[in-house]
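Engineer: Handing you a structure now.
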Amino acid sequence: MRHAQNFMQRLKTTYLNFSLRSKISWALITSVSVVCGLVMLASYMNAYHLIIDHTHELLNSEAKLDKRELEIKLSAEIQSASEVANNFITANALADTEQSQLYLVPFLKNQKHAFKGTALSVLDYRGRLIAANLNQIIDYQVHPIFSRMMETGVLQASVHQNLHSEPVLMLAIPVQYRLSGEVEGGVVLEIPLNAVLQDKLENNFHWLEDINNKVVAGKKPILDDLLVSAKHEISLPIPEIKLAYYLAHDRERALQKINTMLIGYLGIALMAVLGLLAFARFSARYISEPLEYLSKVAQQVTSSGRPRSHINIQSKDEYGALAKAFNTMFVRLDEVYQSLEGRVKLRTQELEKAKADAEAARNLLNEAVANAIHGFCIFNQEDKLVVCNEAYRQFTQLGDYIEIGRSYEEILTKQVEQKVFPDSIGREQAWIAQRMQHHLKADASFVEVKRADNRWFMAQEVRSPSGYLIASRIDITEFKRVTDALTQRELYLQATLDNLPFLFWLKDAQSRLLAINKVYAEACDLDRPEDAVGKTEFDLWPPAIAERLHADDDEVIANMREKTTEQIIDEKYGLSWLEIYKKPVMTEDGKVMGTVGFARDITDRKNVELALAEAEMRWSLAMHGANDGVWDWNLQTNQVFYSERWKTMLGFEDEEVGDAADEWQLRVHPDDLQRSLDLVQAHLKGETEFYYNEHRLRCKDG
């Protein structure tokens, strides 16, 4: 302090010893120096704070843009994974390996992802990989995120490190089967967080922190030498995931130009002090004016939020370089704004188109429901009516009572009160409880109900994955009438077949039995005719018989012609001789669709034929061995057989006598003719057991 006082005292003494010009000069020099120094200091401090503030503002603006871009990309990835999980084809493909290979694998591999290395996988309920977009196989069978999703049935998300110790954002989305609502598996989305952050410009740094302020992506530099943006929390459709985005810039780099500018200020001030003192006045103005302009532009940018201003400084000094840097930064920021606005506009157009398509689909659905000929309605989770068509109103026969918001139990109770269903009369509460049980079960089973006007309806309920109950009412009156008629006709036909005294069957083109009668079943030791349906001859008959029967079927089908055969059957099956008739069954276009046939027992006829043949043989032998003439009169044809001996006894050759009855009558003696004819008539009337007569015949010689 004492040395300073001594210095100031000597300086004051020296100044007092100067001349006035020197004093003025020194005063001017001192004042200009002080003014210049103060101006330079003020300008430097102002520029310093402006640059710091504006750099922070620009960092925050750029960080907001980066944050918004990250939100859009991450939300798009999450939405895409959710759509894959909610797609009914994905749920079906979990149980169908062929469908997963045909659909899921190409579909996942063709997905475009915003971040490199994004893994999208479809897993079954055990965590086994079904399909993925990447070739590398990731094991999720014991992964806690996937296990927790399978236990809770809701989406699970977490930020953790993968097998390569890299931070990833992982989502496990349940895949539910729509009919049962059960979780059949899951869709796992893994986004490498290092790929989320794009490379920044030189001297810029950015990183992501989780809710515990732990860096999960990027590299957090030493903050002492950096300008850091504010914390920007990334909003995702998953509330449990909290991420914050930071952007930083090198402080020394940001202040480099202002330090250079300070050197220029010092040089200008020195020149002003040594040259023209008056230049100090204009120097301050020159120094402050550009900074004021920069401040004004910065305020405009801050107030508008858009870098639309332009710094019109054409000088080549530091101000010009700074202005050029600001203008370049404004252009780039504007390009980023325009790009984001274009993306937002495109996404908005896509959203509007999706809304329009959804509205068109909804209108089409409403139109289809309204014009459906069958009754259709939907009840919500509280079993309240939300939509129905006119056919359903007509089914209920309740008119205006059917309105949105009515519960199904109210509608059912009203129908019972008005006796719409005769089956409910006398047991109303039990009938309502039975129908409510079927309604709430909603397992797609059918129940038939009959209205008081004798019309039949088929009722069916099924529950959607979202809990809505979809019901249909189909008029089956005509179907019931046709079914009853067919049933009655089938009973009549079966009764007819069962009462036939012979075996009857109907086969398809492969000789499989479609129907047989009772006689056929008894012949094969079957309890019922229905037991033979689907069987062949080899299932019912010995191999030798079955081979012959099957060969006959093939011949009938190949030739498309009927066939009759006689076959001997082993007596242990109850038959000796069978006459078998088979005929092809043809379609309208001339193709064989099967065969029909019957078989009857001709054992008695065969025995008679055999006995007759034996008798005829004996009679022929007796006739040729005896010396008697024989004649045989066929009353049906009125033809007479005259034996050769009969003709020779009368002196005729064999060819001289025909086969007419008159050949005998014309040769009877007139006195014996009437008596002979009377005896013939008496025998024909059954009055005599045998025809016996003695009469005279005229020979050839008279």
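Engineer: So which of R435, R427 is buried (at least 18 other Cβ atoms within 10 Å of the Cβ), charged (D, E, K, R) and under 29 Å from R481 (Cα atoms)?
Structural biologist: Only one candidate qualifies: R435.
Engineer: Suppose the filter is at pLDDT 80 or above, in contact with a strand residue (DSSP E or B) (Cβ under 7 Å, 6 or more places away or on another chain) and surrounded by fewer than 19 Cβ atoms within 10 Å (Cβ to Cβ); does E151 pass it?
Structural biologist: no
Engineer: Now for a different question. May I ask you to list pairs of residues, at least six apart or on different chains, whose Cβ atoms are under 6 Å apart, with the first in region 498-515 being on the phi < 0 side of the Ramachandran plot and the second being modelled with pLDDT of 85 or more and of a type in the set (S, T, Y)?
Structural biologist: K507/T595; R512/T536
Engineer: If we keep just the residues of region 385-442 that are closer than 18 Å to Y468 by Cβ and among the aromatic types (F, W, Y), which is farthest from the chain's Cα centre (by Cα)?
Structural biologist: Among them, the one singled out is Y408.
Engineer: Would you mind telling me which numbered condition in (1) in contact (Cβ under 8 Å) with a residue 60 or more places away in the chain; (2) of a type outside the set (D, E, K, R); (3) assigned to a loop (DSSP other than H, G, I, E, B) Q111 fails?
Structural biologist: (1)
Engineer: Report, by residue number, each residue of region 666-702 that is modelled with pLDDT under 85 and within 18 Å of K647 (Cβ to Cβ).
Structural biologist: Once the filter is applied, which keeps residues that are modelled with pLDDT under 85 and within 18 Å of K647 (Cβ to Cβ), region 666-702 yields K700, G702.
Engineer: Where in region 408-505 are the helices (runs of 4 or more DSSP H), entirely inside, with at least 1 residues that are under 25 Å from E382 (Cα atoms)?
Structural biologist: Those helices (runs of 4 or more DSSP H) span 408-417, 428-441.
Engineer: When you scan region 586-606, how many residues do you find that are hydrophobic (A, V, I, L, M, F, W, C), closer than 15 Å to T564 by Cβ and not in a loop (DSSP other than H, G, I, E, B)?
Structural biologist: Here the count works out to 3.
Engineer: Further question: Would you mind stating whether I138 is surrounded by fewer than 19 Cβ atoms within 10 Å (Cβ to Cβ), at pLDDT below 85 and β-branched (V, I, T)?
Structural biologist: yes
This table checks each residue for (1) at pLDDT below 90; (2) within 16 Å of L500 (Cβ to Cβ); (3) surrounded by fewer than 16 Cβ atoms within 10 Å (Cβ to Cβ).
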{"position": "L514", "(1), (2), (3)": "yes, no, yes"}
{"position": "Y520", "(1), (2), (3)": "yes, yes, no"}
{"position": "A532", "(1), (2), (3)": "yes, yes, no"}
{"position": "L540", "(1), (2), (3)": "yes, no, no"}
{"position": "I545", "(1), (2), (3)": "yes, no, no"}
{"position": "R548", "(1), (2), (3)": "yes, no, yes"}
{"position": "A551", "(1), (2), (3)": "yes, no, yes"}
{"position": "A558", "(1), (2), (3)": "yes, no, yes"}
{"position": "T564", "(1), (2), (3)": "yes, no, yes"}
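Engineer: Hey, another quick one. Of D508, D475, which residue is under 30 Å from F395 (Cα atoms) and modelled with pLDDT of 85 or more?
Structural biologist: Criteria check complete, one pass: D475.
The values are calculated or read from the model by the stated rules, or taken from the named source; none is laboratory data. The structure displayed is predicted, hence computed values, not measured ones. No Cβ is skipped: glycine too gets one built from the backbone with ideal geometry, and neighbour counts run over all protein chains shown.
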